[in-house]
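Report on the structure given below.
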Amino acid sequence: MALEATHGNQMNPQKVYEQFEDIDQQNESYLVGMWSFLITEIMFFGVLIFCYTLYRWQYQPSFYAMSKLLDMKMGTINTIILLTSSFTMVLAVHYAQIQRRAAQLYALLFTILCAFGFLIVKYFEYSHKFHVNLFPNPTFVWPALDNPALTASVPEPVAKMFFSLYFAMTGLHGIHVVVGILLLGALSYLVWKKSTLVEDFMVTEMIGLYWHFVDLVWIFLFPLFYLMPK
Amino acid sequence: MSKTLDKKHPNNSHQEEVNYITVDYTMKSWFITKDHKRIGMLYLATVLVFFFVGSVAAGFVRFELTSPTGQILESETFNRMFTAHGVVMIFFFLLIAIPAVLGNFFLPLMLGARDLAFPKLNLLSYYLYLGGGLFGVVALVSGGVDTGWTFYTPLSSMYSNSQVVLTITAAFITGFSSIATAVNFIVTIHKMRAPGLTWFRLPLFVWAHYATSIIILLGTPVVAITLALVAVERLFHIGVFSPEYGGDPVLFQHMFWFYSHPAVYIMILPAMGVVSEIIACFARNRVFGYEFIAASSLAIGGLGFLVWGHHMFASGESYFQAAFFSLMTSLVAIPSAIKVFNWAATLYKGMIYLTTPMAYAIGFLGLFVIGGLTGLYCSNLGVDVHLTGTYFIVAHFHYVMVGGTIMALLAGIHFWWPKMTGRMYPEIWGKIGMLVIFSGFHMTFMPQFILGFLGMPRRYHYYHFAPEFQAYNVFSTAGAGVLAIGFMIPVVYLLLSLKHGAKAPANPWNAKGLEWEKTDRVPITHNFREIPVVTEEAYNYSIDDEPPIEAKYTKFGAVMEEKS
Amino acid sequence: MSNNHSEGHSHVIPIPVYFRTYLQLLVLMFLTVAVAVLAESNPSLREMSYLNNFVAMAIATTKAMLVVWIFMGVKYSSNLTKFYAFFGFVWFSMMFLVYLDYAFRKDEINTGWSHVPANALPRAKGIPGS
Ligand SMILES: [Cu+2]
């Protein structure tokens, strides 16, 4: 049985694993597999987004006041960063497909840089929240130190609920960013070492799909938390 | 065939055949295997260990209940025992058992594939399961949990002083193992079918596993994140369900049952797939209404997601929603009934051979019908207010889950044992074991229906307020003893058959299907010597087919002439 | 290059297509921010700022579609992949059935949303500020 076969063209040597018949079947399997995994990720964040909508529906005026405690500028900067990283990620996939390893590596490194940029901005946001005691544990101080007038009308429990949701959702997203950095880092290392493992562009493509999903989640988190109407 | 292997088996006059077992004997080759068949066997061994752990916990619970004031345990320990029973049996046994053992082993064989689409992911899923299981064991040993397997908030998030976080971590990791298996199955079923194997030629086992995988994909992450939110509430006070923060604990129940009702179908659908295979084979009849059974699997999968509210009729959801979910729950009975009627119709005018797997499959029908019909009582809004939280519910879901899943698992293991191990099991002991399990099962759970109807609440340690319950409880505990003996019987003779069983031919039941007709006696590592081409429908049986192997060969020590 | 492949995912998409999508995403992002700021700062628009919910969500959905369709390459992939790519989003909407419960809670005797008295909660004891 054909343990190894190469793709029809010379430029793109893709190894066909022994359980598959040909490269098309293998590539399609990877894609369907990755997307079915992403379905679980959708449901994963879906629960949180659903809980968010429910509480916001219940406590809309309070949530509106609370959203003013978040920094819209930082949110916007982070959106730009993530969109840019998504763009460099597709470039990495593109260069992987046409076998331009150096360009692929630079695109990947830039993506990682963006991911770190995102985390740094997040760090400033989080540390400010901790600084003014807005983390919903017993140290929570209410009304908020940095805007007592606005938040005086908001009941403390609802404020804690808002920040619970905020930290749960952005925290889970942050964990996904960290996982993405690890994946991208490992991939860049392998590309740099010219490993045969990453000759197949599908590896880059899979990690790309994951990274775009992380971007996708932020696309929804950004308006939900930072752009709240009255 | 390689001669070198003969040295290890000097008694064997024949050349040792190379198959997935004999290809390598080292321990290491088993633990880093990427062969779906070996991974299936690893799963089999592991789920049995967890089944034993869960059974021991159940034994304690049953023993406690023989007296209205308890026997040996503190009430706190009693709570931990029934929680341990629930958590271990559901998260580490029932959800895993059939898909990961029989599904892993037979899906590629039935599809005519050399392996699952992602063998490494398959191995990873096994180790995730093992890791999750170890977390679970650590949680049990270090004090256990007392919240019940449902982890309802705010008991689990604010009041409980037990290993909630560890147990949740265990369930979380095991969930990812399920997801990996589901992804594998979906891709394999979509992309790796043999030439000619169209969707409506697939065995119903494959359809059932497809529906199961979809449910796992859509449901498991929901419960994973919901439980994770309970854990972060305990650890960091991030309380999405906390009434302290104006949250609604009933929301936890919504999210929990969004998965955990469909989880029942994760347990029962693969069982239905197994039973479809066996009934068709031993009735020598094409499954009646094949398309309907296939479609009803998907319908159960879909409808199963729209009924979760029936767990909350009495916990504060609005009446409007309760009425909606009551209706939807009644509707789920339709696809389930379609299956049962079609199995019965398959038996009609068939040539029925009452072998052990068939006996288990028919036992499954009986238990599933009782379990399903009592489920209809519970779906009824008014009746459920009386029955919810009583032993009636306990008996109901044990009839469905134990009666369904375990009977089907045993049926499947007996049916495919010759293919998995190359040995026959003793038919007479098989039937005895089946009868003991079947009667022990009824002895255990029939009294619980009565108990529940009389009003005995579940999860209670003492019932001194109603000492007349004692007789039923004692009877039920006695039944649990019979059940325990019943489960021992197959374990013993199946293990013995590995050494003393007659060598099985490639197709002892004269069954149809790629896994029987196109593989060796025991499949080789890549299953097929050449990829088969399918030209006929599934279950192309006729009552004139050769009968299954004669019972006299299925004894210990029997020697079978090689037919082929 | 494997452009001539009819099946599979070996299409190589030219960079300008990606770049155009990137620009579109940025424009949409600035649009949604601008609408939000405008709705906030302009007193005449403030009354109807609830409309911003729809605007923000519509823009977010459009952005998500762009990412899925172009960046994640669903546009160029097989029907099977397309199915799995959208199945999850569709199924997620099933969860909103829970609103059936909360929308009708107001008709109940006990709505379940009233706050628990603080002294009934274990954490409230001895916590500063609560
Ligand atoms: Cu249910």
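The values are calculated or read from the model by the stated rules, or taken from the named source; none is laboratory data. All values derive from a computational prediction rather than experimental measurement. Cβ atoms come from the backbone with ideal geometry, glycine included; neighbour counts cover every protein chain shown.
Values as computed for the structure displayed
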{"read-out": "Breaking point among (1) within 30 Å of A:Phe20 (Cβ to Cβ); (2) surrounded by fewer than 20 Cβ atoms within 10 Å (Cβ to Cβ); (3) among the hydroxyl-bearing types (Ser, Thr, Tyr), for B:Tyr159", "value": "(1)"}
{"read-out": "In segment B:235-260, residue nearest to the chain's Cα centre (by Cα) [restricted to those that are among the polar types (S, T, N, Q) and within 16 Å of the ligand (Cβ to nearest atom)]", "value": "B:Ser260"}
{"read-out": "Residue within segment B:261-277 that is within 16 Å of the ligand (Cβ to nearest atom), within 13 Å of chain A (Cβ to nearest Cβ) and modelled with pLDDT of 90 or more present", "value": "yes"}
{"read-out": "Unmet criterion (only one of (1) touching a Gly at 6+ places or on another chain (Cβ under 7 Å); (2) in contact (Cβ under 8 Å) with a residue 60 or more places away in the chain; (3) surrounded by fewer than 20 Cβ atoms within 10 Å (Cβ to Cβ)) for B:Val436", "value": "(2)"}
{"read-out": "Criterion (at pLDDT below 90, touching a Phe, Trp or Tyr at 6+ places or on another chain (Cβ under 7 Å) and of a type outside the set (Lys, Arg)) met by exactly one of B:Gly452, B:Gly501", "value": "B:Gly501"}
{"read-out": "Qualifying residue in segment A:199-220 (condition: farther than 26 Å from C:His11 by Cβ, facing another protein chain (nearest Cβ under 8 Å), assigned to a helix (DSSP H, G or I) and touching a residue at least 12 places away in the same chain (Cβ under 8 Å))", "value": "yes"}
{"read-out": "Selection from segment A:23-72 of residues that are more than 9 Å from chain C (Cβ to nearest Cβ) and of a type in the set (Asp, Glu)", "value": "A:Asp71"}
{"read-out": "Flag for B:Leu124 being assigned to a helix (DSSP H, G or I), without any contact (Cβ under 8 Å) to a residue 60 or more places away in the chain, under 19 Å from the mean Cα position of the chain (by Cα) and within 14 Å of another protein chain (Cβ to nearest Cβ)", "value": "no"}
{"read-out": "A:Ala159, sole failed condition from (1) crowded, with 22+ Cβ neighbours inside 10 Å; (2) modelled with pLDDT of 95 or more", "value": "(2)"}
{"read-out": "Test for A:Leu227: is it more than 8 Å from chain C (Cβ to nearest Cβ) and farther than 17 Å from C:Leu66 by Cβ", "value": "no"}
{"read-out": "Residue satisfying condition, being away from the ligand (no atom under 16 Å from the Cβ), more than 9 Å from every other protein chain (Cβ to nearest Cβ) and assigned to a helix (DSSP H, G or I), within set B:Val232, B:Val165, B:Val187", "value": "B:Val165"}
{"read-out": "Any hit, segment C:80-88, residues being modelled with pLDDT under 80, facing chain A (nearest Cβ under 7 Å) and under 23 Å from A:Thr79 (Cβ atoms)", "value": "no"}
{"read-out": "Those residues of segment B:237-252 which are surrounded by fewer than 24 Cβ atoms within 10 Å (Cβ to Cβ) and out of contact with any Pro (no Cβ under 8 Å at 6 or more places or on another chain), in sequence order", "value": "B:Val250, B:Leu251"}
{"read-out": "Single unsatisfied condition, B:Asn122 versus (1) within 29 Å of B:Gln163 (Cα to Cα); (2) of a type in the set (S, T, N, Q); (3) surrounded by 22 or more Cβ atoms within 10 Å (Cβ to Cβ)", "value": "(1)"}
{"read-out": "Yes/no for B:Ala322 being part of a helix (DSSP H, G or I), within 24 Å of C:Phe92 (Cβ to Cβ) and within 14 Å of the ligand (Cβ to nearest atom)", "value": "yes"}
{"read-out": "Single residue of segment B:287-312 satisfying the filter (free of Cβ contacts under 8 Å to residues at least 60 places away in the same chain and away from chain C (no Cβ under 13 Å)) that is nearest to the ligand (Cβ to nearest atom)", "value": "B:Ala299"}
{"read-out": "Qualifying position, being in a helix (DSSP H, G or I) and within 22 Å of C:Arg105 (Cα to Cα), among B:Phe292, B:Phe258, B:Phe282", "value": "B:Phe258"}
{"read-out": "Filter result for B:Leu217 (modelled with pLDDT of 90 or more, closer than 21 Å to B:Glu317 by Cβ and away from the ligand (no atom under 16 Å from the Cβ))", "value": "no"}
{"read-out": "Condition met for B:Phe241 (within 14 Å of chain A (Cβ to nearest Cβ) and closer than 24 Å to B:Ile300 by Cα)", "value": "no"}
{"read-out": "B:Met443 vs. criteria more than 22 Å from B:Val264 (Cβ to Cβ) and at pLDDT below 95", "value": "yes"}
{"read-out": "Residues that are among the small types (Gly, Ala, Ser) and in a helix (DSSP H, G or I), drawn from segment B:22-71", "value": "B:Ser29, B:Gly40, B:Ala45, B:Gly54, B:Ser55, B:Ala57, B:Ala58, B:Gly59"}
{"read-out": "From the options C:Leu66, C:Leu23, residue that is out of contact with any strand residue (DSSP E or B) (no Cβ under 6 Å at 6 or more places or on another chain), surrounded by 16 or more Cβ atoms within 10 Å (Cβ to Cβ) and either among the acidic types (Asp, Glu) or part of a helix (DSSP H, G or I) (or both)", "value": "C:Leu66"}
{"read-out": "Unmet requirement for A:Thr76, which otherwise passes all of (1) at pLDDT 85 or above; (2) within 7 Å of another protein chain (Cβ to nearest Cβ); (3) out of contact with any helix residue (DSSP H, G or I) (no Cβ under 6 Å at 6 or more places or on another chain); (4) surrounded by fewer than 22 Cβ atoms within 10 Å (Cβ to Cβ)", "value": "(3)"}
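Table: residues versus (1) among the aliphatic types (A, V, I, L, M); (2) under 19 Å from the mean Cα position of the chain (by Cα); (3) surrounded by fewer than 18 Cβ atoms within 10 Å (Cβ to Cβ).
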site: B:Arg284; (1), (2), (3): no, no, no
site: B:Gly309; (1), (2), (3): no, no, no
site: B:Phe313; (1), (2), (3): no, no, no
site: B:Ala322; (1), (2), (3): yes, no, no
site: B:Ile334; (1), (2), (3): yes, no, yes
site: B:Tyr348; (1), (2), (3): no, no, yes
